[in-house]
Amino acid sequence: GAGAQDFDPFEKAAGTMRASFTTTLAYWQAQKVDDAVTLTQQALKHVAALESAAKERDYRLVLEATTALNETCASCHMAHRVRTAEGAYEIKLK
């Protein structure tokens, strides 16, 4: 009906993000960067919440999970990436 929300893209995105954050977590664990490990673990929790909310077809919970995920991502990006002279981004190591 009018205004019906399609939740399938959220479920698909959650699967993709889970795989990406799992790889990210392994990277930060190997680098022994504790705050990045913690942020990535938080991101994985937000992805799980997003997937659950999408399966429940609860737009309010989808919005909460994506907002929390965006905030977590921004925190890690601010702390652990740097813009190069060419305008690309690189991981900022210790």
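Below are the figures for this structure:
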item	result
Surface accessible to a 1.4 Å probe, THR22 within the full protein complex, Å²	80
For region 1-46, convex hull of alpha carbons as volume per residue, Å³	57
Degrees, to the nearest 10: 34-56 long Cα axis against longest axis of the chain	10
Among ALA53, ALA65, THR22 the positive-end extreme of the charge dipole of the chain (Cβ point charges)	THR22
Point-charge dipole on Cβ atoms (K/R +1, D/E -1) for the chain, about Cα centre, debye to 20	300
Calculated [θ] (222 nm, deg cm²/dmol) that DSSP helices of n ≥ 4 give over the chain, each run adding -39,500 (n - 2.57)	-26000 deg cm²/dmol
Carbon plus sulfur fraction of accessible area for the chain, probe 1.4 Å, in percent	56
Acute angle (nearest 10 degrees) that the helix 8-31 long axis makes with the longest principal axis of the chain, alpha-carbon atoms	20
1.4 Å probe accessible area per residue over the chain, in Å²	66
Proximal charge balance of LYS45 [Cβ under 13 Å; K/R count +1, D/E count -1]	-2
0 to 90° range, to nearest 10: angle between helix 59-80 axis and the chain longest Cα axis	10
Local electrostatic count, TRP28, Cβ distance below 11 Å [Lys/Arg +1, Asp/Glu -1]	-1
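The values are calculated or read from the model by the stated rules, or taken from the named source; none is laboratory data. Computed from a predicted structure; not experimentally measured. Reconstructed Cβ throughout: ideal geometry from the backbone, glycine too, with neighbour counts over all protein chains shown. All accessible areas refer to the heavy atoms of the entire protein, side chains included, with ligands and DNA or RNA removed. Shrake-Rupley method; radii C 1.70, N 1.55, O 1.52, S 1.80 Å.
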